[in-house]
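The values are calculated or read from the model by the stated rules, or taken from the named source; none is laboratory data. In this text, all values refer to a predicted model and were calculated from it rather than measured experimentally. Positions of Cβ are generated from backbone atoms using ideal geometry, with glycine treated the same way; all protein chains shown enter the neighbour counts.
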Amino acid sequence: MSSPGDPQANGKAHKSLKVRLRQAFVTNPCDNRRFIPCRLLESICHEKTVAQELSKAFPKSDDSFHQSRASLICHGQTRDLSITSQPCLKIFVILVLLGNVGLIESFVQHRLCDRDLPFFSTPGLTGLYSHRHKPESSLTFPDEDDQYEIIDAFLEKQWSVLIPSFEAPEAGNMRCNVYKLHDKTILPIQEVSKKKYPGGFGLVEKVKIHREHNGFNHEYFALKTMHPMIPDERDRFFQQELDAFHKATPGGHIVEIRAAFMRGESRGFLFPWADGGTLNHLWAKDPHNIVADARVPWSEFSRWICMQCHGIIRDLWAIHEPFGIHVPAGTSAEDLYGIHSDIKPDNILHFTEKDGPPLGLLKVSDLGLMKFHRLVSRTVQSKSMGNAYQTYRAPEHDMGKVRSRKIDIWAFGCLFAEFVTWAIGGENAIDLFKTARMNEDKQFPDENKGEWSEDNFFIMKTSRLTQAKAPKRKGTVDEWFSDLIKELGPDMANTFFPQFLRFIQSAMLDPDRKHRADSKQVESFLGRLLEEKPPDSRYWRFNGTIEYPKSYSRSTTGTGTW
């Protein structure tokens, strides 16, 4: 620690205010623009410091003037009703950075304060005016040598102190604040990841929001910036993601929007960052290590999988059926029903918070992909099925392009099947399951695909009687399920994993969407298990993951299943 007589300490104390403000700048790495955090600005420019700076700018005035002006600038306190009584500290800081503190009197005398920021210029940079006042009452600096340069510099420098703070809504029905920002606004971003992640209609980056402009209890966020598009389309997708989020259950298994913003032509969202990554990241880990790190028994691991699948389906159902099975009287035909249409492991995030469940929490992301349909036509013909993940593509994608909410159920059936595969056999088992499905595809070539084989869960087969093509669940899928159940052993026959696999097979992966379960039926099945089977029940018993080898041989018929 430096002593009072230390030259280094004295050097810091005698640095000019302008230098100290410049050293306080934080650079936003996204666009390399610099800003001063709000509380740091206030701590540097306290009343005593402001008075000292005013004494230099107005040497002919006495100390009482310097003190009263400093109080006015910092706190808005004044007895003179002819001038502003609101703080104008940010204006003062801008003028310090411009090296022209004496101009503060012009702002004070024109009753201009920080609430008037940002300022705009009249044509030809002849004056400054606020959005709160008419351009005709603009502020000019006729006594200055080059007022044009001053106005131009002020317009640019003001954005370094006009930094938004992202906060949770205080009250009301708002689930998140939506900020309308000027296109020159600098976002309070302190760090940004080098890696960019595609997300729905935008690009996702991991960012750190500066603590002084962050009203949440975590530092890192997923910043999703929408791709450039025509204004009407851009605003429609922006509002669509907000609407889907507002339909979701608060605090559930749909990823929360912390804040949304409109900045000029840009649209963006801030989500909490999932430290555990996506479901693919989870599946790349050894379940033994996960269970050991969480210090939980295997029975809790199997029950956790049930809880996550149930929570995801339950909260998705809230969007699929906003009113449950009963539609209120007087409901307009404009009421919307949602289809995610792009369920895949990359869109399931794993949150591993210190205060959360030991094994973490899974949440569905990318509600921007949500398709909405009116109540009277929520199952419609469509030429576009959206951005469906090809592995989890439902059979109806290949049959007249029928769009239905049950495409999500098929996709979740595929995802849950791989989830259980990983739980029982580890990462290698997922790869072997994929290889088996692709090998069957090679046995039944499709003239529309040529020599390409697909990793999906169904094939199109031609009926011997009618010669018409119909979708069949791949035979390798059924055989794989049977193998997993056999792997568990006969003493596990009445436990969770075998029962869940049979339900996925019969109810969720039915190629005929008319017979396929809906969200409510899946939610009811899993919810009933959690309600009826206590945590200490033998029903959740599991002996632990059996790591599959990297190669696996078995005879497969590959005949498909009606």
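Restricted to helices (runs of 4 or more DSSP H) entirely inside region 213-326, those with at least 1 residues that are of a type in the set (Gly, Ala, Ser) and buried (at least 22 other Cβ atoms within 10 Å of the Cβ) are 231-247, 298-320. Listed conditions (1) out of contact with any helix residue (DSSP H, G or I) (no Cβ under 8 Å at 6 or more places or on another chain); (2) in a helix (DSSP H, G or I) are all met by Pro534, apart from (2). Listed conditions (1) under 41 Å from the mean Cα position of the chain (by Cα); (2) without any contact (Cβ under 8 Å) to a residue 40 or more places away in the chain are all met by Ser16, apart from (1). Tyr548 passes every criterion in (1) part of a helix (DSSP H, G or I); (2) at pLDDT below 95; (3) of a type in the set (Phe, Trp, Tyr) apart from (1). For region 380-439, the set of residues classified as of a type in the set (D, E, K, R) and either part of a helix (DSSP H, G or I) or modelled with pLDDT of 75 or more (or both) consists of Arg393, Glu396, Asp398, Lys406, Asp408, Glu418, Glu427, Asp431, Lys434, Arg437, listed by residue number.
Does Phe500 fit the bill of being more than 32 Å from the chain's Cα centre (by Cα), at pLDDT 95 or above and more than 25 Å from Met399 (Cα to Cα)? No.
Would a scan of region 228-244 turn up a residue that is in contact with a strand residue (DSSP E or B) (Cβ under 6 Å, 6 or more places away or on another chain), polar (S, T, N, Q) and not assigned by TED's automatic domain parsing to the domain that holds Ile305? Within region 228-244 (the criterion being in contact with a strand residue (DSSP E or B) (Cβ under 6 Å, 6 or more places away or on another chain), polar (S, T, N, Q) and not assigned by TED's automatic domain parsing to the domain that holds Ile305), the answer is no, since none of the residues qualifies.
Conditions tested, residue by residue: (1) surrounded by 15 or more Cβ atoms within 10 Å (Cβ to Cβ); (2) closer than 29 Å to Asp145 by Cβ; (3) touching a strand residue (DSSP E or B) at 6+ places or on another chain (Cβ under 6 Å); (4) touching a residue at least 24 places away in the same chain (Cβ under 8 Å).
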{"residue": "Gln23", "(1), (2), (3), (4)": "no, yes, no, no"}
{"residue": "Asn28", "(1), (2), (3), (4)": "yes, no, yes, yes"}
{"residue": "Asp31", "(1), (2), (3), (4)": "no, no, no, yes"}
{"residue": "Lys48", "(1), (2), (3), (4)": "no, no, no, no"}
{"residue": "Phe65", "(1), (2), (3), (4)": "no, yes, no, no"}
{"residue": "Ser71", "(1), (2), (3), (4)": "yes, no, no, yes"}
{"residue": "His75", "(1), (2), (3), (4)": "no, no, no, yes"}
{"residue": "Phe107", "(1), (2), (3), (4)": "yes, yes, no, yes"}
{"residue": "Leu117", "(1), (2), (3), (4)": "yes, yes, no, yes"}
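Cβ separations smaller than 8 Å between residues 6+ apart or across chains give the following pairs from region 274-298 residues that are at positive phi to residues that are buried (at least 18 other Cβ atoms within 10 Å of the Cβ) and not acidic (Asp, Glu): Gly277/Leu349; Gly277/His350.
I'm trying to understand the selection: among the residues of region 186-219, which are among the hydroxyl-bearing types (Ser, Thr, Tyr) and under 14 Å from Pro29 (Cα atoms)? Ser193, the sole residue that qualifies. Restricting the first member to region 471-489 and to residues that are modelled with pLDDT of 95 or more, and the second to residues that are buried (at least 19 other Cβ atoms within 10 Å of the Cβ) and polar (S, T, N, Q), the beta-carbon pairs closer than 6 Å and six or more apart or on different chains are Phe481/Gln505. In region 206-220, is there at least one residue being without any contact (Cβ under 8 Å) to a residue 24 or more places away in the chain and farther than 20 Å from Asn177 by Cα? Within region 206-220 (the criterion being without any contact (Cβ under 8 Å) to a residue 24 or more places away in the chain and farther than 20 Å from Asn177 by Cα), the answer is no, since none of the residues qualifies. Inspection of region 129-137 finds a residue satisfying the criterion of being surrounded by 15 or more Cβ atoms within 10 Å (Cβ to Cβ), in contact with a Ser or Thr (Cβ under 6 Å, 6 or more places away or on another chain), more than 20 Å from Val26 (Cα to Cα) and free of Cβ contacts under 8 Å to residues at least 60 places away in the same chain. Evaluate region 155-174: report whether one residue or more is in a strand (DSSP E or B), farther than 20 Å from Leu242 by Cα and in contact (Cβ under 8 Å) with a residue 12 or more places away in the chain. Within region 155-174 (the criterion being in a strand (DSSP E or B), farther than 20 Å from Leu242 by Cα and in contact (Cβ under 8 Å) with a residue 12 or more places away in the chain), the answer is no, since none of the residues qualifies. Yes or no: Ser121 under 30 Å from Gln239 (Cβ atoms), small (Gly, Ala, Ser), touching a helix residue (DSSP H, G or I) at 6+ places or on another chain (Cβ under 6 Å) and outside the structural domain of Phe238 (by TED's automatic domain parsing)? For Ser121, the condition - under 30 Å from Gln239 (Cβ atoms), small (Gly, Ala, Ser), touching a helix residue (DSSP H, G or I) at 6+ places or on another chain (Cβ under 6 Å) and outside the structural domain of Phe238 (by TED's automatic domain parsing) - is not met. When region 104-119 is filtered for residues that are modelled with pLDDT under 95 and not in a helix (DSSP H, G or I), the ones remaining, listed by number, are His110, Arg111, Leu112, Cys113. Of the residues making up region 180-204, those that are at pLDDT 95 or above and not in a loop (DSSP other than H, G, I, E, B) are Lys180, Leu181, Ile189, Gln190, Glu191, Val192.
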